[in-house]
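A.B. asks: Below: one structure in structure tokens.
The values are calculated or read from the model by the stated rules, or taken from the named source; none is laboratory data. Just so we're clear, the structure is a prediction, and the values are computed from it rather than from any experiment. Using ideal geometry, Cβ is built from the backbone for each residue, glycine included, and neighbour counts are taken over all protein chains shown. SASA here: full protein model, heavy atoms, side chains in, ligands and nucleic acids out. Shrake-Rupley method; radii C 1.70, N 1.55, O 1.52, S 1.80 Å.
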Amino acid sequence: MDNAPVPQSLDTINLNAAGIDIGSTQHYVAVPSDRDSSHVRCFGTFTSDLASLADWLEECGIKTIAMESTGVYWIPVFELLEARGFEVKLVEPGKLKSVPGRKTDVLDCQWIQQLHTYGLLAGSFRPDSAICVLRSYMRQRAMLVANASEHIQRMQKAMMEMNVQLHHVISDITGTTGLAILDAIVAGSRDPHLLAKLRDPRCKNDESTIAKALEGNWREEHVFALKQALELYRFYGSKLSEVDSKLEEHLGTFSDRSDGEILPKLKAPKAGSNSPRFDMRNQLYRVLGVDMTTIDGISGQSAITLISEIGTDMSRWATEKHFTSWLCLCPGSKKTGGKLLSGKTRTSANRAAAALRTAAASLARSNCALGAFFRRIRSRLGSPKAITATAHKLAKIVYGMLKYGREYVDVGNDYYEQQYKKRAMENLAKRAAALNLRVVPNELAG
């Protein structure tokens, strides 16, 4: 019974469908059995092999293709087939994982082709080519930031091994004061009082405190490790600048939707910040025609990250509920027999959802309506659920802004609290009326 074929009574939706099982060294491809005497073929992964694969699909009259893959092996195939005019869908392996009895590559590709013929496969989200380029730059940038942060940790380790506790007396060793002191140490300076004089006037700790933290055991091997870590940190910083130049250049290729309006620039990022150095607010406003940085918690960098992951075309999701479900920010709906077994939110590695969660967490102390909402949920359910709930709200605001051009206006913390109190009173009144009771305000309450 496990190997029973799909019932023939199902309607065939895609008559010109093919299925591809992607591998690291070979791809198995299946087309309808009436298109070729050998309707299942195996192709290599060299570019010439992929060209032959596309030629064969054209000869077989194929119009739409579904492929299953893990890793990044699918990208060259997807891009080549899409460039040749095919409709290509990338199917998550999890969608086919539960299908039993089809363990070989040949049967897998045939099964993909058959399911796609009946229209039973949904493709994964992939934005248009311009957004894909933007996404590639942003993901490259995130990788460089992660690598640079590793070398900051190595600098801290080298200093701790020398008992130089600089990171305990300044907030950021890659800031103005930190880098000035590190450069002097690498150059050979060892006098803690001379090093402390490099302190920026904005530092909270005075020179004497910083000098005490700079008394250490200056072993040569630890200074050498510090020197190399500092050089590598700066190397990744230079590569970040190169990526930011490409990022700004690519954003300039998008059509202008701002009607020539120029917004005030955001506050320049402080020294040591990983934010891009160009005018992110106006670049995004020119591309989108709306200012996403007006949303509480959404900075210029988080806005670019979101756009690079979700694109600008919100018609990919029919409603905001579809959008938040795709982001895995909705409560779960595991039900059986009409009973809800679990409302736990699905786990996801979605980068857009991660950016929204980070933005939501930044609202914990914000004096705005979203900040008040975060704190109310946190008081009842804890921080993790408050972050998810607030990220869900942010996602709906972003969806409405990008799809309908809605402007975001913060009603403020006080107004939100008043409205919440009003709703709570109305609910209490309804519950009291159901019990034939009446809610009476306490006139003596302060």
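A.B. asks: To the nearest 10 Å², what's TRP74's accessible area with a 1.4 Å probe?
C.D. replies: Here the accessible area works out near 40 Å².
A.B. asks: What do you reckon, how do CYS109, CYS330 stack up by accessible area (1.4 Å probe), largest on top? Could the numbers behind the result be given before it?
C.D. replies: Numbers: CYS109 0, CYS330 35 Å².
If we order CYS109, CYS330 from most to least accessible, we get CYS330, CYS109.
A.B. asks: May I ask you to compute the full-extension gain from ARG431 to ASN217, defined as 0.36 nm times their residue separation minus their alpha-carbon distance, rounded to one decimal in nm?
C.D. replies: Numbers: separation 214, 0.36 × 214 = 77.04 nm, distance 7.06 nm.
That pair, ARG431 and ASN217, stretches by 70.0 nm at full extension.
A.B. asks: So how exposed is PHE374, as accessible area in Å² (1.4 Å probe, rounded to 10)?
C.D. replies: Accessible area of PHE374: about 10 Å².
A.B. asks: Report the residue, chosen from LEU340, LEU90, LEU50, that carries the largest GNM mean-square fluctuation when the chain is represented by alpha-carbon nodes joined by springs under 10 Å.
C.D. replies: Judging by the Gaussian network model, the answer is LEU340.
A.B. asks: Ok, one more. Which of the pairs LYS385/LYS422; LYS246/LYS267; LYS267/LYS396; LYS344/LYS421; LYS63/LYS393; LYS89/LYS334 have their Cα atoms more than 32 Å apart in this structure?
C.D. replies: On the way: LYS385/LYS422 24 Å; LYS246/LYS267 22 Å; LYS267/LYS396 26 Å; LYS344/LYS421 28 Å; LYS63/LYS393 40 Å; LYS89/LYS334 28 Å.
From the list (LYS385/LYS422; LYS246/LYS267; LYS267/LYS396; LYS344/LYS421; LYS63/LYS393; LYS89/LYS334), the Cα-Cα distance tops 32 Å for LYS63/LYS393.
A.B. asks: Place +1 on the Cβ of every Lys and Arg and -1 on the Cβ of every Asp and Glu in the chain, take the dipole about the Cα centre, and give the residue among THR312, SER325, GLY371 whose Cα lies farthest towards its positive end.
C.D. replies: The Cα lying farthest towards the positive end belongs to GLY371.
A.B. asks: Given segment 287-446, report the % of alpha carbon pairs whose separation exceeds 24 Å. Please list the in-between numbers first.
C.D. replies: Values: 5699 of 12720 pairs.
Considering segment 287-446, 45 percent of its Cα-Cα pairs are separated by more than 24 Å.
A.B. asks: Give me the angle, in degrees from 0 to 90, between the Cα long axis of helix 129-161 and the longest principal axis of the Cα atoms of the chain, rounded to the nearest 10.
C.D. replies: 40
A.B. asks: Show which lysines lie in cross-link reach of LYS212 when reach means a straight Cα distance below 24 angstrom and same-chain residues fewer than eight apart are skipped.
C.D. replies: LYS157, LYS197, LYS204, LYS227
A.B. asks: Also, quick follow-up: Put one equal scatterer on each alpha carbon of the chain, apply the Debye formula with no solvent term, and list log10 I(q)/I(0) at q = 0.13 1/Å to two decimals.
C.D. replies: Once normalised to I(0) and log-transformed, intensities are -1.23.
A.B. asks: Another one. Starting from the Cα-Cα distance between LEU266 and LYS403, subtract it from 0.36 nm times their residue separation and give me the gain in nm to one decimal. Walk me through the intermediate numbers first.
C.D. replies: Values: separation 137, 0.36 × 137 = 49.32 nm, distance 2.41 nm.
Full extension of this stretch gives 46.9 nm more.
A.B. asks: Right, here's the next one. Relative to the longest principal axis of the C-alpha atoms of the chain, give the angle of the C-alpha long axis of helix 74-83, reported between 0 and 90° and rounded to the nearest 10°.
C.D. replies: The two axes meet at around 60 degrees.
A.B. asks: Under the rule of -39500 (n - 2.57) per DSSP H run of 4 or more residues, summed and divided by the residues of the chain, what mean residue ellipticity at 222 nm is obtained, to the nearest 500 deg cm²/dmol?
C.D. replies: So the helix-based figure for the chain works out to -16500 deg cm²/dmol.
A.B. asks: Among SER124, SER325, SER302, whose mean-square fluctuation peaks in a Gaussian network model of the chain (Cα, cutoff 10 Å)?
C.D. replies: Maximum fluctuation in the GNM of the chain, among the listed residues, is at SER124.
A.B. asks: Of all the accessible heavy-atom surface of the chain, with the other protein chains kept in place and a 1.4 Å probe, what percent is carbon and sulfur? Show your work: numbers first, answer last.
C.D. replies: Details: 12970 of 25380 Å².
That share works out to 51 percent.
A.B. asks: What does the accessible area per residue of the chain come to in Å², with a 1.4 Å probe and no ligands, DNA or RNA counted? Write out the running numbers ahead of the final one.
C.D. replies: Details: 25380 Å² over 446 residues.
I get 57 Å² per residue for this part.
A.B. asks: Also, I was wondering about something else. So, taking all protein chains as they sit and a 1.4 Å probe, how much accessible area belongs to LYS430, in Å² rounded to tens?
C.D. replies: Answer for LYS430: close to 150 Å² accessible.
A.B. asks: For segment 193-337, what is Rg from Cα atoms divided by 2.2 N^0.38 Å, rounded to two decimals? Mind showing how you got there, number by number?
C.D. replies: Numbers: Rg = 22.9 Å, N = 145, 2.2 N^0.38 = 14.6 Å.
Taking the Cα Rg and dividing by 2.2 N^0.38 Å, one obtains 1.57.
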